1. Condition check: under 17 Å from residue 305 (Cα atoms) and at pLDDT below 90. Does residue 225 satisfy that?
2. Would you tally the residues in the stretch 244-258 being under 22 Å from the mean Cα position of the chain (by Cα) and either crowded, with 19+ Cβ neighbours inside 10 Å or hydrophobic (A, V, I, L, M, F, W, C) (or both)?
3. Taking the stated definitions as given, is residue 298 on the phi < 0 side of the Ramachandran plot, aromatic (Phe, Trp, Tyr), buried (at least 17 other Cβ atoms within 10 Å of the Cβ) and over 24 Å from the mean Cα position of the chain (by Cα)?
4. In the stretch 341-355, what residues are among the small types (Gly, Ala, Ser) and surrounded by fewer than 21 Cβ atoms within 10 Å (Cβ to Cβ)?
5. I'd like to know if the stretch 313-323 contains one or more residues that are part of a helix (DSSP H, G or I), surrounded by fewer than 18 Cβ atoms within 10 Å (Cβ to Cβ) and of a type in the set (Gly, Ala, Ser).
6. The conditions are (1) in a loop (DSSP other than H, G, I, E, B); (2) farther than 22 Å from residue 180 by Cα; (3) of a type outside the set (Ser, Thr, Tyr), and residue 240 fails exactly one of them. Which is it?
7. Can you name every residue in the stretch 173-209 that is of a type in the set (Gly, Ala, Ser) and either surrounded by 12 or more Cβ atoms within 10 Å (Cβ to Cβ) or part of a helix (DSSP H, G or I) (or both)?
8. Here are some conditions: (1) modelled with pLDDT of 90 or more; (2) in contact with a Pro (Cβ under 8 Å, 6 or more places away or on another chain). Residue 297 meets all but one. Which one does it not meet?
Amino acid sequence: MDAVDEPSGPGGTMIKFACTCHTVLEVSDEFAGTSLQCPKCKRLLDVPTLSELKGIDEDGAYKLDALKLRDEPDRLANLQRAYAPQRVDQQGRQIDLRETFKGDANAIDDDDVLEIMDAEPVAPKYDPETGELVRAVPLKQEPVKYDPTTLPMAKAVINYASGSAFKEFNGWRIVAEIFRPANLAVMGIIFLVCVVLQLIMVPIAAGFFTVVPGFVVLCIGLMAHLSNVVLDAGVERSDELARPLRDLSWHDDIWWPFLHFAIAFGLCYGPVAFFNFLPPAARIAYVGAALIMVTIAFPAVFLTTSTSGTILNLAPDRLLRVITAIGLKYPIAVFVWAVAVVAGLTGLLAAFVDLGTLLTTGGVPHIFGILPIPFIPAYGLMMLGIVLVHGFCWYLGLLYRAHYEEFDWFYQKHHRKIETVRPATGATITAAPSIAPPMATAIAPPDAGKSDYPQSHA
């Protein structure tokens, strides 16, 4: 449409243009070149500038210049000669398709690029200093003196420089990798912490509760370390055990990992503590059934609390989806966890009883009043439990790495919510996003009642 500029203030003008729905909009020139939303059809429009108003039709479309045709009667023949599959012309002479030009090549117009000219002989080249003719010299074929396979090659110094680092790390590699020196050093530190815990438990059992804060701090560090192993192996994709407490960050390496393990362990094994409220005849059955069920559920719960990022994923349907996504590998994790808990707690308790008996009577203790376990087997069981629980956490990280896209956790993927508009007739269309436009005055077009756009009702 024709643009009409009207004063809108001191030194200002109004820009009047049409939307594609035939709605005429009028805005101040300060919005020139910006975007606004049509009040009627809710589409985003580009406000034309003052220089663009002359090139806009009444319906809001941009005008196009008239197509100018050039008269080139020989163009088809030139194209046929350059791009035809034949290599000879109509007289049977071979076509030279090399682009060689006479005179100044820079003076040739762009339209004459397809013009093929006869090739001229190349002038010989002479050395500018000696004046000798430059001729092609054939290369001398010398026999190979050394076998390339026998030459020494540099080997990778760091692990990620070798091709083996790009291979998928599977669960069976844990059996060998867990006994590497770096991983043994990590488990050795955890073993020493467990020994210190036993030494602290002796004065606590004797009634000296001043050492309880140190005992609590060590327990928090141990539980945080197990969650860090899962995070490093799964989220960080590390192929070795995490350092104890990693970078000593209070929130990232101590407090939140501790909460992840504590929530998982409390949710699973906390109900077992209510056996005392049951009749004596039902206690054994309740404890046995509860231990079996929570031991089966603990790997999924611990993996969810450690890596999912929210406790909303602890819903039963989400946990069942984690178990079904892992598949037949999940019973392996349950078995390793069960053996690790039994071996570790048995060794820890036996070593504590041995230590307490040695300090009080000097005799050989009987764990649970039945089985005597000396120091060496007790610490052996405790070390076996430490190795197995680290392997279990490492294996959980690998399961997360392989199946996390199938868990369908909250905050894992963005689910876009699309609102639809259902018109009275016609197909369903997607509603335009709600964007606050600049203030615009809508002027109804003369043929507003004859619009081709159907009226939509949300």
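The values are calculated or read from the model by the stated rules, or taken from the named source; none is laboratory data. None of these values were measured; they are calculated from a predicted model. Note that we place each Cβ from the backbone using ideal geometry, even for glycine, and neighbour counts take in every protein chain shown.
1. Judged against the criteria, residue 225 is not a match.
2. Residues of the stretch 244-258 that are under 22 Å from the mean Cα position of the chain (by Cα), as a first pass: 252-253, 256-257.
When the remaining residues are screened for being either crowded, with 19+ Cβ neighbours inside 10 Å or hydrophobic (A, V, I, L, M, F, W, C) (or both), the result is 253, 256-257.
Qualifying residue count, the stretch 244-258: 3.
3. On the way: on the phi < 0 side of the Ramachandran plot: yes; aromatic (Phe, Trp, Tyr): yes; buried (at least 17 other Cβ atoms within 10 Å of the Cβ): yes; over 24 Å from the mean Cα position of the chain (by Cα): yes.
Taking the combined requirement at face value, the residue satisfies it.
4. So in the stretch 341-355, the residues among the small types (Gly, Ala, Ser) come out as 343-344, 347, 350-351.
Within the stretch 341-355, 343, 344 meet the criteria.
5. no
6. The single condition residue 240 does not satisfy is (2).
7. Start the filter on the stretch 173-209 by keeping residues that are of a type in the set (Gly, Ala, Ser), which leaves 176, 182, 185, 188, 205-207.
Scanning the stretch 173-209 gives 176, 182, 185, 188, 205.
8. It fails just one condition, (2).
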